[in-house]
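Undergrad: First the structure, then my questions, so here it is.
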Amino acid sequence: MTDTATVAAAVSIDDHPLVHDVNQEHSDNLSATERFCKRIADGTGAPLTLFLAVILQFVWVIVGIATKMDPFPFAFLLTISNIVQLILIFILAVGQRQSSAHAELRAEHDHDSISRLLYHQEVQEDILLAIAQKIELDVEKLGAMVRRLASEDSGP
């Protein structure tokens, strides 16, 4: 068996899994409560929600002053606002936890994919060196370049 055939036989196309759909995988693992909290958390972070909350408070103040139903200092408005805020704190915490879990899952899958790509690159380098040897090129120079590139630190 030739060097190229040996390298090619050692690596099978079926040795690595396909890239996962991390978004679908994360979504499938959410409970109904977590999905509900995520939807609310996504909605409360929208600019439209902020606009609607500001408009609602202005309308409430104007109507409260005009009708004397909730006069200044708007105790009922403050009570309702505080209750909504307390509920939203916990809903947003659950939504944030889910976002964090999703980011961690994506990072793990990215790491796996990058590791797989680096492995494939190393195999391709070995194949190219075997081909170069077979056609009787000076592989010492190529091997030295590959070793130099592999040893260089690519850090910041």
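Here, each number is a calculation from the coordinates, and none is a lab measurement. In this text, all values refer to a predicted model and were calculated from it rather than measured experimentally. FYI the Cβ positions are ideal-geometry reconstructions off the backbone, even for glycines, and counts take in every protein chain you see.
Undergrad: If each of Ile135 and Leu118 carries a label point 7 Å out from its Cα toward its Cβ, how far apart are those two points in nm?
TA: Going by the 7 Å Cα→Cβ label model, 3.0 nm.
Undergrad: Where in region 58-136 are there trypsin sites (Lys or Arg not before Pro) that are in a DSSP coil and have at most 12 other Cβ atoms within 10 angstrom of their Cβ?
TA: Numbers: sites: Lys68, Arg97, Arg106, Arg116, Lys134; in loops: Lys68.
Qualifying residues, ordered by number: Lys68.
Undergrad: Can I ask one more? Dividing the convex hull volume of the Cα atoms of the chain by its residue count, what figure in Å³ per residue is obtained?
TA: Values: hull volume 26.2 nm³, N = 156.
In the chain, the Cα convex hull volume per residue is 168 Å³.
Undergrad: Quote the FRET efficiency, to the nearest 0.05, computed for His20 versus Ser99 with a Förster distance R0 of 22 Å and r equal to the Cβ-Cβ distance. Could the numbers behind the result be given before it?
TA: Details: r = 18 Å, r/R0 = 0.83.
That gives a FRET efficiency of 0.75.
Undergrad: Report the one residue of Gln124, Ala53, Ser27 whose Cα lies farthest in the direction of the positive end of the charge dipole of the chain (charges on C-beta: Lys and Arg +1, Asp and Glu -1; origin at the Cα centre).
TA: Among Gln124, Ala53, Ser27, the one farthest towards the positive end of the dipole of the chain is Ala53.
Undergrad: Hydropathy first: keep DSSP H helices in the chain averaging at least -0.5 on Kyte-Doolittle, then drop any whose Cα extent along the axis falls short of 27 Å, and list what survives. Mind dumping the intermediate values first?
TA: Working: long enough: 47-67 (30 Å, 2.23); 75-134 (87 Å, 0.32).
Taking the DSSP H segments of the chain (at least 27 Å long, mean hydropathy at least -0.5), we get 47-67, 75-134.
Undergrad: Mind checking the dipole of the chain: about its Cα centre, +1 per Lys or Arg Cβ, -1 per Asp or Glu Cβ, Debye to the nearest 20?
TA: Working: 11 positive and 21 negative charges, 253 e Å.
With Lys and Arg at +1 and Asp and Glu at -1, about 1220 debye.
Undergrad: Counting only C-alpha contacts under 8 Å and six or more residues apart, can you give the relative contact order of the chain as a whole percent?
TA: On the way: 56 pairs, mean separation 53.0, N = 156.
Over the chain, the number comes to 34 percent.
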